[in-house]
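What follows is a set of notes on a single structure, which appears directly below.
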Amino acid sequence: MKPPHAKKASKSGKPGGTTSGRVTPKPTARYTPPVPKSEKVSPRWVPIVMFASLGLGMLVILANYVSLLPGDEPSNMYLLLGLFFITAGFITATKYH
C-alpha cells in the first residue's frame, strides 16, 4: 500500500500530474503546395519606383529647406509633397519580394 502523501506521476514522468504544456498538432490530410518561384519575384519596375520615389521625396524636402524651389521661404506644401513621395516609396517597398 502507498503512503497517503505520495503523489501520482503524470504521463511525462513528472510528479504531481503536471505536463509541460506542449501540444503537438495532429497532422491533417490537407496538402498545401509551395508558392511557385515565379510568384515570389517582383516585377522590375517595383524597386525602380521605390528608390525613385524615396530619392525624389528626399530631394524635394532638402531643396525646400535650402530655398531652391519657387517661393521666398520654405513652404509646407513642398514638405508635404516630399513626404507624399517618401510614403509612396515605403508603400512600394512592401510589394518588393
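For the reader, a short list of remarks on this structure follows.
- Entirely in region 23-97, the helices (runs of 4 or more DSSP H) that have 3 or more residues that are exposed (fewer than 14 other Cβ atoms within 10 Å of the Cβ), under 25 Å from the mean Cα position of the chain (by Cα) and not basic (Lys, Arg): 45-65, 76-93
- Neighbours by Cβ (under 8 Å, 6+ apart or cross-chain): first from region 68-87, closer than 18 Å to Ser53 by Cβ; second assigned to a loop (DSSP other than H, G, I, E, B) and aliphatic (A, V, I, L, M): Tyr78/Leu69
Laboratory data are not the source of any read-out in this text; all were calculated from the coordinates shown. Please read these numbers as outputs of a predicted model, since none were measured by experiment. Note that we place each Cβ from the backbone using ideal geometry, even for glycine, and neighbour counts take in every protein chain shown.
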